[in-house]
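Q: This is the structure, below, for whatever I ask next.
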């Protein structure tokens, strides 16, 4: 019966001059899905992005979400890494390790606050943005979000990072290390004790990496498309 209906549709398309809207109605009446509307594409893509952001930020916000993930673990700032061996020779190895753990704990704690910031950015997507993203590379949505929201994310996220770093003690631990090292006479390279800008940048990098992974999963794996609309939208691109 389904083959018969499809044959009728083919016959109508081949021998009539019906409009695209007429064809859409015919397809729907036979049980065959018609062309997606612009609004459906936009809504489906936003669903996928919100899903990816939710999963990505939830992963990052778990205990060890940053610290034990080699992809996004935050290392010491570059100026401290350059002299890390000296710090350990000075007997500051345990303090360095404690600061490193606290830095990642701060990023994990602040990651909870990132989700609404990202979701608000997604809601600003235009229909044309959605079509461009859908037809783009596997990380097209992630790149779009980064390009259009990074400045806003940094300004909104930095206070959250600072609060988190203070709460877990990272600011104090790292500040003590920097002060001890900087007090050494004839030290040419100084350590900047301010962590905020550095950790904010690294935390945002990590979140975007996790979101890109989730976007790739949704594009490649139909099982990751958790709503009927998402399945329709991305199936059209498979």
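Q: Quick check on the exposure proxy: order 131, 208 from fewest to most C-beta atoms within 10 angstrom.
A: Numbers: 131 14, 208 21.
Least crowded to most crowded, the residues run 131, 208.
Q: Would the stretch 37-235 count as rounded, prolate or oblate if I go by the C-alpha gyration tensor, calling it rounded below 1.5 in a/c and otherwise prolate when a/b exceeds b/c, oblate otherwise? Numbers along the way, then the final one.
A: Numbers: a/c = 2.99, a/b = 2.67, b/c = 1.12.
It comes out prolate by the Cα gyration axes.
Q: Turning to a different aspect of this structure: Before anything else, pin down the relative contact order of the stretch 37-235: Cα pairs under 8 Å, at least 6 apart, normalised by residue count, whole percent.
A: Values: 225 pairs, mean separation 71.6, N = 199.
About 36 percent, as a whole number.
Q: Obtain the nm distance between the two label points defined at residue 163 and residue 68 by a simple spin-label model: each point lies 7 Å from its Cα along the Cα-to-C-beta direction.
A: Reported label-point gap for residue 163 and residue 68 is 2.7 nm.
Q: Where the centroid of each part is defined by its Cα atoms, how far is the stretch 155-173 from the stretch 87-149 in Å?
A: So the two Cα centres are separated by 15 Å.
Q: How much length would be gained if the chain were fully extended between residue 227 and residue 94, taking 0.36 nm per residue of separation minus their Cα-Cα distance, in nm to one decimal? Display every interim value, and only then the final one.
A: On the way: separation 133, 0.36 × 133 = 47.88 nm, distance 4.84 nm.
Here the segment from residue 227 to residue 94 would lengthen by 43.0 nm.
Q: What order, most packed first, do the peptides 51-60, 69-78 have when packing is the mean number of other Cβ atoms within 10 Å of each residue? Don't jump to the answer; show the numbers that get you there.
A: Numbers: 51-60: 21.2, 69-78: 15.7.
Going by the mean number of other Cβ atoms within 10 Å, highest first, we get 51-60, 69-78.
Q: Working out 0.36 nm times the residue gap between residue 179 and residue 201, then minus their Cα-Cα distance, what length gain in nm do you get to one decimal? Spell out each step's value before the answer.
A: Working: separation 22, 0.36 × 22 = 7.92 nm, distance 2.30 nm.
Roughly 5.6 nm would be gained on extension.
Q: For 223, 230, 90, what ranking results if the residue with the fewest other Cβ atoms within 10 Å of its Cβ goes first?
A: Details: 223 8, 230 20, 90 15.
Going from sparsest to densest Cβ surroundings: 223, 90, 230.
Every read-out reported here was derived from the displayed coordinates using simple, explicitly stated rules and does not represent laboratory data. Keep in mind the model is a prediction, meaning the values are calculated, not measured. For neighbour counting, all protein chains shown are included, and Cβ atoms are generated from backbone atoms with ideal geometry for every residue, glycine included.
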